[in-house]
Amino acid sequence: MPIARSPADLPDRDTVLSMSGLQFMQAILAGELAGPPIAQGMNFLLHTIGPGRAEFHGAPGFDHLNPVGGVHGGWYGTVLDSCMACAVMTTVPKGSVYTTLEYKINIVRAIPPGTAVIATGLVDHAGRSTGVASGRIEGTDGTLYATGSTTCLIMQIAKP
């Protein structure tokens, strides 16, 4: 999956609105559209996409540590926001987009820096104007590190 390196690499509005959210996410996974630049800085990538589901793989590194050497809570939040919101995106119809209204995370235990993790977002509700999803960050051994929940606003921009 290529990552956008400049604003010109990101898909334009017409491209985004020309496909359903699931088609859009599938195009990113297939490398037909560039992935978000934040993925590089946060060291995670989209791994699996399906209706109502998004999975990212990654590992926090030295650049993600707080002043006392633990993985910063913002890393957990960014990864959970990404997997949960992208799961909601898979339910968005053609001509619409989403934005995160709010999200909450619960850090269960510290992720040791360099530990490979899987972040999974699952849609709990997909309506006409809102989507609700939950998420989990787990180690490849199944260790639970964090959970989250989100509410996203779904906005129709153009008639499908």
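Identify the residue in the stretch 123-138 that is under 18 Å from residue 76 (Cα atoms) and not small (Gly, Ala, Ser) and, among all such residues, is surrounded by the fewest Cβ atoms within 10 Å (Cβ to Cβ). The selected residue is 138. Looking across the stretch 148-160 at every residue that is under 15 Å from residue 80 (Cβ atoms) and in contact (Cβ under 8 Å) with a residue 60 or more places away in the chain, the one that is surrounded by the most Cβ atoms within 10 Å (Cβ to Cβ) is identified as 152.
Taken over the stretch 39-69, the criterion of being closer than 12 Å to residue 115 by Cβ and out of contact with any strand residue (DSSP E or B) (no Cβ under 8 Å at 6 or more places or on another chain) is satisfied by 61 alone. The sole residue among 120, 100 that is at pLDDT 95 or above, surrounded by fewer than 17 Cβ atoms within 10 Å (Cβ to Cβ), under 17 Å from the mean Cα position of the chain (by Cα) and in a strand (DSSP E or B) is 100.
The residue that is nearest to residue 65 (Cα to Cα), among those in the stretch 125-147 that are without any contact (Cβ under 8 Å) to a residue 12 or more places away in the chain and not small (Gly, Ala, Ser), is 141.
The values are calculated or read from the model by the stated rules, or taken from the named source; none is laboratory data. Computed from a predicted structure; not experimentally measured. Here Cβ is always computed from backbone atoms with ideal geometry, including for glycine, and neighbour counts include all displayed protein chains.
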